[in-house]
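One structure is given here, and the rest of the page talks about it.
The values are calculated or read from the model by the stated rules, or taken from the named source; none is laboratory data. Keep in mind that what you see is a predicted model, and the values were worked out from it rather than measured. Cβ coordinates were reconstructed from backbone atoms using ideal geometry, including for glycine residues, and neighbour counts include every protein chain displayed. For accessibility, only protein heavy atoms count, side chains too; no ligands or nucleic acids. Shrake-Rupley method; radii C 1.70, N 1.55, O 1.52, S 1.80 Å.
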Amino acid sequence: MRPPTCDAAGALTSLTAASLLSFKGMRPMSNPPISILAFAAALFVSAATDASAETAHIFWKDLRPATQSAAENVGLPMIAEKLPDHGETLSLNLQDKSIQLAGYALPVDRDGDLVYQFLLVPWTGACSHMPTPPPNQIVLVTPARPYKMSEAYQPVAVTGALKPDMEKSQLFILDGVSVIQSGYSVRKADVVAVGSVPDTVTLPVNSPWSFLNKKKN
């Protein structure tokens with residue numbers, strides 16, 4: 001849960017201070033009225049709840065324009081070349097809004113097991129021995145603090161402000177060096193490990209990464 005907004009927190013601080021001071025000599029009240037303390041507590045809970053409600057839990061389909069075909073309509077997994085716009089049309093409905101999205105982390109900038117930047121993708125093996133997702137299905141994530149990651153394609157949930165932002169990243173993967181274009185970015189993101197990705201694409205059995213299906217999903 002995120003802390004209350006500055007305005008709500010300020011109002012709460014002022015209210016609490018006022019409730020604890022008497023008008024005679026500005027001395028602290030020994031027993032503040034219960035109704036005032038209850039109201040202050042309710043204000044705090046309400047402000048915190050409103051702040052939390054601002055974060056939208058989204059899915060990968062929400063990053064595609066409504067007119068664009070879903071993954072199952074263009075083959076599994078999605079291949080950018082099969083889309084009329086090569087997957088470069090972005091959805092602007094969530095621009096600058098706080099979102100939470102689950103996917104698989106592919107490190108871009110790391111030092112040992114500390115990852116400073118990664119690509120969030122909708123399936124394991126993406127960009128390495130598997131087709132690269134279109135730009136509107138890749139999010140470039142910069143964690144608020146280095147994220148400890150023991151292996152590539154670790155399932156994580158990312159929370160932060162989403163920005164449509166076409167950007168190229170250089171990856172050092174099994175196939176060598178690749179340049180991957182992402183359609184969105186989330187800076188100063190909160191990143192947590194998750195057990196599974198609810199809308200993941202299940203890899204074909206002949207995929208070299210198919211062993212991850214059972215492990216990750």
Exercise. So which residues in segment 146-155 are surrounded by fewer than 24 Cβ atoms within 10 Å (Cβ to Cβ) and not charged (D, E, K, R)?
Worked result: PRO146, MET149, SER150, ALA152, TYR153, GLN154, PRO155
Problem set entry | Residue pairs meeting the criteria (Cβ under 8 Å; at least 6 apart or on separate chains; first under 21 Å from LEU114 (Cα atoms), in segment 178-197; second surrounded by 14 or more Cβ atoms within 10 Å (Cβ to Cβ) and basic (Lys, Arg)) | SER185/LYS163; VAL186/LYS163; ARG187/LYS163
Exercise. For segment 197-207, how many residues are modelled with pLDDT of 80 or more and surrounded by 18 or more Cβ atoms within 10 Å (Cβ to Cβ)?
Worked result: 2
For this session: Return only the number of the condition from (1) at pLDDT 90 or above; (2) of a type in the set (Gly, Ala, Ser); (3) open to solvent by 30 Å² or more (accessible area, probe 1.4 Å) that SER210 does not satisfy.
Result: (1)
For this session: Would you check if LEU106 is closer than 14 Å to GLY183 by Cβ and open to solvent by less than 60 Å² (accessible area, probe 1.4 Å)?
Result: no
Problem set entry | Selection count, segment 117-145, where residues are open to solvent by 10 Å² or more (accessible area, probe 1.4 Å), under 15 Å from the mean Cα position of the chain (by Cα) and of a type outside the set (Lys, Arg) | 4
For this session: Would you please name the residue that is surrounded by the fewest Cβ atoms within 10 Å (Cβ to Cβ), looking only at residues in segment 166-196 that are modelled with pLDDT of 95 or more and of a type in the set (Asp, Glu)?
Result: GLU167
Exercise. Can LEU101 be described as modelled with pLDDT of 95 or more and either assigned to a loop (DSSP other than H, G, I, E, B) or surrounded by 14 or more Cβ atoms within 10 Å (Cβ to Cβ) (or both)?
Worked result: yes
